[in-house]
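Written below as C-alpha cells is the structure these notes are about.
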Amino acid sequence: MKLIATFLSFILLVSGASSKETNYTASTPAAPLVRTFLGISLTDSIDFIRWKLSISDKKYSLECSYGIGKPNTNGFYDEKKVVLRGNVKKEKNNYILENGDHVLKLAELNANLLHILNNDNTLLIGGGGWSYALNNIAPTVTNQINLTAKQSVLKDSIVFEGRTLCGDFSINRPSQNCIKMKWLIVFYTNKNEPTTYLLNRSNMLPLEYPGKKGTWKIISGQDGRIIYELTPDKETTPTYLLKLDEGVLIFTDAQGNLLVGNHDFSYTLNRRF
C-alpha cells in the first residue's frame with residue numbers, strides 16, 4: 001500500500017511540474033500578422049493591443065484588449081476583446097501558438113521575455129510607442145539569453161526609438177517619479193566604427209535640444225553578445241543596450257541582466273532606419 005501511495009505521489013508531482021503555467025503581459029502595436037492571428041480586421045483603427053498570455057505544457061490561453069488609446073491613461077476609448085485558447089508547440093527556443101489555420105511565433109529570449117516573430121523568424125519591429133516584447137509577470141533576475149545577434153556593417157547613422165518604464169537601469173531599479181520615458185537615439189559612426197550618439201528623452205525637464213550627447217562603443221559580452229555601451233558627456237555611468245536583432249535592442253543592467261517590463265511598456269527599442 002505504501003508503495004502505491006508513493007508511486008501516485010510521484011505521478012502527481014511529475015504532472016504538476018510538467019504543467020507549470022507561465023504568465024506574460026504586454027502592450028504592443030497591431031501589425032497585420034498579429035491582427036490576422038487574433039482575427040481582428042486589418043481596417044480597424046487600433047493604437048495598441050494589451051496582452052495576457054498564459055502558457056502551460058502544450059496549451060495556451062490568451063486575452064487581448066485593443067482599441068483607440070485614451071490620452072494620459074493606459075486604457076481605451078472603445079475597448080474590444082479577443083479571447084483564445086489553443087495548442088502551443090515548442091520548436092527549439094520558439095513557441096508556436098495555433099488558432100485554426102493561423103499561427104503566431106514567439107521567440108523565448110529567456111525565462112522572463114518572449115518576443116513576437118515575423119514569418120521569417122526575425123524579431124517583429126515595433127515603433128516609438130510600443131514594442132513586441134512580452135514580459136513575465138513574475139520575473140527572476142537572469143542574464144540568460146537564447147539568441148545571439150551577428151555584427152553587421154554600420155551605416156553612417158542608425159536610429160532607434162521606443163518607450164520604457166522609468167528608473168535607474170544600471171541597478172535595475174524602477175522609479176515611481178514618472179510613468180514612462182521616451183527614447184530617440186541616433187548612433188553615429190565613422191568608417192564602420194562607433195563614435196557619438198544623440199539622445200532625446202521626454203522626461204528631461206526642460207526639454208533639451210538638440211539633445212543629450214555622448215560616446216558609444218560596441219563591446220563583446222558573454223557568449224559573443226553584442227552590447228552597445230553609451231556614456232553621456234561629463235558623466236561616468238554608462239547605459240547598456242544588448243543587440244537582439246538588426247531591428248531590436250534591449251536595455252540591461254550593469255551585470256548584463258535583461259530588464260523586464262510590465263503590461264504597459266517593455267525595455268526594448270525599435271529601429272526606425
- Looking only at the stretch 59-77, which residues are at pLDDT below 95 and either open to solvent by 40 Å² or more (accessible area, probe 1.4 Å) or among the charged types (D, E, K, R) (or both)? LYS70, PRO71, ASN72, THR73, ASN74, TYR77
- Residues being modelled with pLDDT of 95 or more, open to solvent by 40 Å² or more (accessible area, probe 1.4 Å) and of a type in the set (Phe, Trp, Tyr) - total across the stretch 217-273: 1
- Got a number for residues in the stretch 53-110 being free of Cβ contacts under 8 Å to residues at least 24 places away in the same chain and either of a type in the set (Gly, Ala, Ser) or not in a strand (DSSP E or B) (or both)? 15
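How many residues are at pLDDT 95 or above and open to solvent by 10 Å² or more (accessible area, probe 1.4 Å) when one looks only at the stretch 198-215?
Residues meeting the conditions: 1.
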- Message: Here's a check for you: in the stretch 111-146, which residue that is among the aliphatic types (A, V, I, L, M) and assigned to a loop (DSSP other than H, G, I, E, B) is modelled with the lowest pLDDT?
- Response: VAL141
- Message: So in the stretch 172-190, with the set limited to residues that are within 17 Å of the chain's Cα centre (by Cα) and not hydrophobic (A, V, I, L, M, F, W, C), which one is modelled with the lowest pLDDT?
- Response: ASN172
- Query: What single numbered condition from (1) farther than 15 Å from TYR24 by Cα; (2) surrounded by 14 or more Cβ atoms within 10 Å (Cβ to Cβ) fails to hold for SER131?
  - Reply: (1)
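Which residue out of LEU109, LEU154 is open to solvent by less than 30 Å² (accessible area, probe 1.4 Å) and more than 25 Å from THR22 (Cβ to Cβ)?
Answer to the selection: LEU154.
The values are calculated or read from the model by the stated rules, or taken from the named source; none is laboratory data. As the structure is a computational prediction, the values presented were derived from the model and not from experiment. Cβ sites come from the backbone with ideal geometry, for glycine too, and all protein chains shown count toward neighbours. Side chains are part of the model used for accessible areas, which takes the heavy atoms of the whole protein and leaves out ligands, DNA and RNA. Shrake-Rupley method; radii C 1.70, N 1.55, O 1.52, S 1.80 Å.
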